[in-house]
Each structure stands twice: as C-alpha cells, then as structure tokens.
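The values are calculated or read from the model by the stated rules, or taken from the named source; none is laboratory data. In this text the structure is predicted, and so the values were computed from the model without any measurement. We work out accessible area using only protein heavy atoms, side chains counted, and drop any ligands, DNA or RNA first. Shrake-Rupley method; radii C 1.70, N 1.55, O 1.52, S 1.80 Å.
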Amino acid sequence: MAEFDTRLRILDAAEVLFTEHGFEATTLRQITGAAAVNLAAVNYHFGSKEALIREVFRRRLTWLNQQRLKELDRLEAEAGDSPVKPSRILEVFFGVALRMAADTEGGGRTFMRLLGRTYTKPSEFVSGFLAGEYAAVIARFKAALIRALPNVPGEEILWRFHFMLGAMSYAISGADALHIVDEAALDDGDTEALYARLMSFMLGGLRAPLPVLRRKSAKPARVRKVA
C-alpha cells in the first residue's frame, strides 16, 4: 500500500506540473518535491521521465477510451441494422471527455486540461504515443460516422473530426488565446452550458455543406531538349 501511495502521489504531482509548465520545463526534482518523495522513487516506479509521461496519460486515457467504445457498442446494439445517428456518436466521443473535464475532485479536470494543451502544443514523443493510444478508437468512430453520413466522403469526415478535436481541446484546456474574444463573457465553469454550446457547434460543422475544393492543377510536362 505504501508503494502504491508513493506511485499515485508521483503521478498526481506530475499531472499538475505538466499541465502548468509543460513537459520540457518540468523537472523530475520539481515532481519529487511536490510529491514529497526522493528521486530514487521516480526511477524505481517509472524508470525515466518519458515512462512517467506515458503513465500519466495511460492511467486516465485507457479508461476514457474504454468508456467511449463501451458506449458506442451500446448504441450500435440498440440501433441494430440501422446506423447510429451522428449526434449520438459525437455525444459519446466528446461527452465522456467533457464529463471527465467536469471532475474537479478526482483529477479529471486537470488531466483533460493537460490533454487539451497537449493537442494544441504537441511534442513529437507525446504525439506518437497518443496516436497509438487513439488508433483503435478513432477507427471505430470513423467507421460509425461514415455509416451514419453516407453522402460525406470519408476524407471529409476525418477533416471534420480533426477540427472537432481542436475545438474541444481549446474549450477544455483553458488556453489564454480564447480570452481575446471577451474574457468577461466566457464562463468556463458552467460545464452544462459548455457542453451544449460545444455540441451545437460541432454538429453544425459535421452537417455543413461539402466545401468546393479547387483541383490541383497538373504540372506541365517537362520538355526534353533534342540534341
């Protein structure tokens, strides 16, 4: 139990410090100081800073993605042979995350802010790790959206999903860039209102008319000189 408590304190301290200062600026000494443990404890439980970063994400992200897949399984079972409505698909994927972001006592809010800021300021190491963690989930939700929106090309669905992830990331990360609009008018403490506004925005984007894209002009053929 003592070892488990030490490991948990290190993870909690690292999560908060990574959110406040970023991965590179946060040192192991800062983490051990906040967790009230010695440096050897980090090496014993995690082995390296990179391994610690992975565990900070994995301990909550695994649950988050499992819940998403569990809820999608339920919706697809209820729908039977019919496709699940796009709004229900988005509610599952983003709703689970926003409910976690509303958890101020269990660490969910801190983690979702860390996750949101990681999306907006990615590092190569963390981006590669998250891509692997999300691969199966994104594939399932992409397939569900393609089935729900047969008239929207798969490539366009991926782009819109990409934009929706960005919108959610900014909404939950507490990014200062949002405050250039009108800081006094933005109340990010009302989770229900944030959820309603964000879902309305994302559904509008998902159902928007297809863009008119210019075709890339073909490069002119190279003229070969004849000697």
Could you please state, rounded to a whole Å, how far the C-alpha centre of segment 134-159 is from the C-alpha centre of segment 86-104? 17 Å
What label, among [x] 43, 36, 34; [y] 70, 66, 42; [z] 48, 43, 37, belongs to Cα extents along the principal axes in Å computed from the structure on display? [y]
Whenever you get a sec, compute what percent of the accessible area on the chain sits on carbon and sulfur atoms (1.4 Å probe). 55 percent
What does the helix-only formula give at 222 nm for the chain: each DSSP H stretch with n ≥ 4 adding -39500 (n - 2.57), the total divided by the residues, and the result rounded to the nearest 500 deg cm²/dmol? -23000 deg cm²/dmol
Can you work out the accessible area per residue across the chain, with the rest of the protein chains kept in place, probe 1.4 Å, in square angstrom? 62 Å²
